[in-house]
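Below: the structure, in structure tokens.
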Amino acid sequence: MTEKNSQKNESGHKRILQGVVTSDKMQKTIVVKVDRRVKHDQYEKYLMVTKKYKAHDEAGTAKIGDRVEIIESRPVSAEKRWALRKVIERASL
């Protein structure tokens, strides 16, 4: 659930994020919630900022509650600019 901007992958410039799957109701698409910590400019308190990304899941392997890794990709649709890289941890039932 942390953002990894400094980590490079095989191509050298695509961002990789970790998050939790919140929805898998669409065909070949998952919604991933990514949390990151941001320091407030004035008060210097750390805040949790949450953002949801729609990612392409061709095989339909990710399910709700799974911890996944997504990678930046070319636009697949109007809102999908990310693809599922791997499932890190399965959700416990």
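Remarks
- You will find that of 49, 20, 38, the residue that is within 17 Å of residue 85 (Cα to Cα), assigned to a strand (DSSP E or B) and of a type in the set (Val, Ile, Thr) is 20 and no other.
- Lone unmet requirement of (1) at pLDDT below 95; (2) in contact with a strand residue (DSSP E or B) (Cβ under 9 Å, 6 or more places away or on another chain) for residue 30: (1)
- Looking across region 13-45 at every residue that is surrounded by 10 or more Cβ atoms within 10 Å (Cβ to Cβ) and farther than 20 Å from residue 91 by Cα, the one that is farthest from the chain's Cα centre (by Cα) is identified as 38.
- Meets criteria (open to solvent by less than 90 Å² (accessible area, probe 1.4 Å) and at pLDDT 95 or above) for residue 65: yes
The values are calculated or read from the model by the stated rules, or taken from the named source; none is laboratory data. Model, not experiment: these values are computed from the prediction. Note that each Cβ is placed from the backbone with ideal geometry, even for glycine, and that neighbours are counted across all protein chains shown. Just the protein is used for accessible areas: all its heavy atoms, side chains included, with ligands, DNA and RNA removed. Shrake-Rupley method; radii C 1.70, N 1.55, O 1.52, S 1.80 Å.
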